[in-house]
2 protein chains.
Amino acid sequence: MSKGKAISQQVIKRLPRYFSHLGYLMESDVSRVSSMELAGQMNLTASQIRQDLNHFGCFGQQGYGYNVRILREAIGKILGLDREYGLIIIGAGNLGQALANYTRFENMGFVVKAVFDISPEICGRRVGKCVVKHIDELEDYTASGKVDIAALTLKSKGAQDVVNRIVKAGITAVWNFASFELKVPEGVIVEDVHLLDSLMMLSYNLHSND
Amino acid sequence: MSKGKAISQQVIKRLPRYFSHLGYLMESDVSRVSSMELAGQMNLTASQIRQDLNHFGCFGQQGYGYNVRILREAIGKILGLDREYGLIIIGAGNLGQALANYTRFENMGFVVKAVFDISPEICGRRVGKCVVKHIDELEDYTASGKVDIAALTLKSKGAQDVVNRIVKAGITAVWNFASFELKVPEGVIVEDVHLLDSLMMLSYNLHSND
């Protein structure tokens, strides 16, 4: 199965959508689906779906369609979901707590290993399965345990300093919830989730429809 | 100031980034900034920034740059942030609770008016400033109060039914956290925040870098 470089980011970005949607079909006891049906359900075209999946060697059968479970497993494998990732959360406010408590991440292989905060009032409290550690324990912790991804749920001030420490500690994937333009060296991946940005797109659209 | 139709979605989508970044500069007591400086800070080019802002009549001055506060106010106005929006949250799990407790939304004019859930164990509990209502009270509530935006933090199953009810109740903006491809009629705006998708992009990149 070919993977990686030659495939456009646009195709890659649709894979999680396929994966989630196929999961929904499985929950709904749907065992096979055609590219036409998928297209209707996902607001894509059938030919786009066939092209996307052909990239990865996932072929449907004429007159049968795709086997939902097998297709989902194949896409999961491409997405690297056949192994476990150690996740740390930095910032134990409302959002950090919600992430730490969200059991679905763990079901998908993203295991919250530790939660850090700077506030003495929060450190020592239990959040999800973890007791919140002080951010000054970060380097000792990352030196001794396997951490793949750091989720940042900090305020913008201070976020860059923390990222510098994360990168120095050898973590190469940052899930960034801070409303801040992070600077990272080449080789470090950042996925931004800017909640306020999407809310502002709603207000923009509501406002400009007036 | 011109607004809307003629301006590309790509430009519009950068406005929240400018707005947040200028807020960060204000917090850091920076009162003026050049397009060159902004470019370095935001990983954009200076000419792109000048072009973007010219669309909206926000001109910097040669040798002075932009006044941070005035530019932020102007962008906020374009984004519709000079008024208040009523927000309801549907789904009072971890994520719904985090959103209800996130005071920054209210500071920006997004006021959480009510929180709904389906579970009898959660209904009646206090979440943020609200007491959780049963989802069956949705229609009565929306009939009597002003709701602009519905945030959906439900599991995928049942999300479409709830959206149908939201749309029927006249709400035209959905902030969707459910991992589900919502179907809405024309005129209803959906902003998706698929947390799991971004996590899967991280696992894909970690995995394919091996």
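Laid out as a table, the results:
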| read-out | value |
| --- | --- |
| Any chance residue A:114 is closer than 18 Å to residue A:31 by Cβ and touching a Cys at 6+ places or on another chain (Cβ under 7 Å) | no |
| Flag if residue B:40 is under 27 Å from residue B:149 (Cα atoms) and out of contact with any helix residue (DSSP H, G or I) (no Cβ under 7 Å at 6 or more places or on another chain) | no |
| So residue A:115, is it touching a residue at least 40 places away in the same chain (Cβ under 8 Å) and more than 12 Å from every other protein chain (Cβ to nearest Cβ) | no |
| Subset of segment A:46-64 [open to solvent by less than 20 Å² (accessible area, probe 1.4 Å) and closer than 26 Å to residue A:80 by Cβ] | A:49, A:52, A:53, A:56, A:58 |
| Complete set of residues in segment B:93-112 that are part of a loop (DSSP other than H, G, I, E, B) and either free of Cβ contacts under 8 Å to residues at least 60 places away in the same chain or polar (S, T, N, Q) (or both) | B:102, B:108, B:109 |
| For residue B:156: the one exception among (1) small (Gly, Ala, Ser); (2) at the interface with chain A (Cβ under 7 Å from one of its Cβ atoms); (3) in contact (Cβ under 8 Å) with a residue 40 or more places away in the chain | (3) |
| Residue identified as open to solvent by 70 Å² or more (accessible area, probe 1.4 Å) and touching a residue at least 24 places away in the same chain (Cβ under 8 Å) among B:73, B:37, B:27 | B:37 |
| Pick from segment A:1-56, criterion at positive phi and at the interface with chain B (Cβ under 10 Å from one of its Cβ atoms), ranking: modelled with the highest pLDDT | A:43 |
| Boolean, residue A:194 is in contact with a Cys (Cβ under 6 Å, 6 or more places away or on another chain), free of Cβ contacts under 8 Å to residues at least 60 places away in the same chain, open to solvent by 30 Å² or more (accessible area, probe 1.4 Å) and within 30 Å of residue B:107 (Cα to Cα) | no |
| Selection count where residues are touching a strand residue (DSSP E or B) at 6+ places or on another chain (Cβ under 6 Å) and either within 9 Å of chain A (Cβ to nearest Cβ) or outside any loop (DSSP other than H, G, I, E, B) (or both), scope segment B:163-198 | 10 |
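Here is a yes/no grid of residues against (1) surrounded by fewer than 20 Cβ atoms within 10 Å (Cβ to Cβ); (2) charged (D, E, K, R); (3) not in a strand (DSSP E or B):
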| site | (1), (2), (3) |
| --- | --- |
| A:44 | yes, no, yes |
| A:77 | yes, yes, yes |
| A:80 | no, no, yes |
| A:115 | no, no, no |
| A:120 | yes, no, yes |
| A:141 | yes, no, yes |
| A:146 | yes, yes, yes |
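The values are calculated or read from the model by the stated rules, or taken from the named source; none is laboratory data. Bear in mind that the values here come from a model prediction, so they are computed numbers and not experimental data. Every residue, glycine as well, gets a Cβ built from its backbone with ideal geometry; the counts of neighbours run over all protein chains shown. Accessible surface is based on the protein model in full, side chains and every heavy atom, while ligands, DNA and RNA are left aside. Shrake-Rupley method; radii C 1.70, N 1.55, O 1.52, S 1.80 Å.
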